[in-house]
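**Q** Submitted below is the structure of interest, expressed as structure tokens.
The values are calculated or read from the model by the stated rules, or taken from the named source; none is laboratory data. Since the structure is predicted, the reported quantities are computational estimates derived from the model, not experimental observations. Here the Cβ positions follow ideal geometry from the backbone for every residue, glycine too, while neighbour counts run over all protein chains shown.
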Amino acid sequence: MLFRSGPQGTIYATGTIVAGYSDLRLKDVLNVVDNSLERIDNIRGIYYEQNETARKLGFNDTERKVGLIAQEVKAVLPEVVVPAPFDVNKYNESISGENYLTIMYERVVPLLIQALKEQKGQIDYIKNKL
């Protein structure tokens, strides 16, 4: 596997990156993500460009991007929002005092899957009523 670093710490990999675990034998399942459609309804998928504050922090990308707002996600799925790596010291404390946030996007997938299942249940119910 080849890794190389790019602007603002971007990592490019030519192989598969594996992290964490998903094996049921390592989990005590508490429950499924509930009210997933309602949660998604409170999150906006947005297009954005970096603003002046981002540029002052050393981010110099001029491309239009797509993403989510960490504060909106934190309100409905706090487990997937963490301090932004550029703003934390070795004790995981904010360097700037601004407590900038980021999203672990791969951990949003369970919410999306549960939302699809909820929606399928609604569709099946409507079909059965017809």
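**Q** I'd like the full set of residues that are loosely packed, with under 13 Cβ neighbours inside 10 Å and assigned to a helix (DSSP H, G or I), limited to region 42-78.
**A** Those that are loosely packed, with under 13 Cβ neighbours inside 10 Å and assigned to a helix (DSSP H, G or I): Glu52, Thr53, Arg55, Lys56, Gln71, Pro78.
**Q** Give the residues of region 80-130 that are aromatic (Phe, Trp, Tyr) and in contact with a Leu (Cβ under 9 Å, 6 or more places away or on another chain), sorted by residue number.
**A** We begin by selecting, within region 80-130, every residue aromatic (Phe, Trp, Tyr); these are 86, 91, 100, 105, 125.
Of everything in region 80-130, those that are aromatic (Phe, Trp, Tyr) and in contact with a Leu (Cβ under 9 Å, 6 or more places away or on another chain) turn out to be Phe86, Tyr100, Tyr105.
**Q** OK, next. With respect to Glu98, is the statement that it is in a loop (DSSP other than H, G, I, E, B), in contact with an Asp or Glu (Cβ under 9 Å, 6 or more places away or on another chain) and modelled with pLDDT of 95 or more true? Can you show your working first?
**A** Numbers: in a loop (DSSP other than H, G, I, E, B): yes; in contact with an Asp or Glu (Cβ under 9 Å, 6 or more places away or on another chain): yes; modelled with pLDDT of 95 or more: yes.
When the stated conditions are applied, Glu98 passes them.
**Q** Considering each of Asp87, Asp41 in turn, give the residue that is modelled with pLDDT under 95 and acidic (Asp, Glu).
**A** On the way: Asp41 fails: modelled with pLDDT under 95.
Every option except Asp87 fails the conditions.
**Q** Let me ask something additional. I'd like the residue in region 82-116 that is in contact (Cβ under 8 Å) with a residue 12 or more places away in the chain and of a type in the set (D, E, K, R) and, out of all such residues, is farthest from Lys56 (Cα to Cα).
**A** If we take residues in region 82-116 being in contact (Cβ under 8 Å) with a residue 12 or more places away in the chain and of a type in the set (D, E, K, R), then Arg107 is farthest from Lys56 (Cα to Cα).
**Q** Now, a different point. If you go through region 45-73, how many residues are in contact with a Leu (Cβ under 7 Å, 6 or more places away or on another chain) and under 20 Å from Ile113 (Cβ atoms)?
**A** Count: 1.
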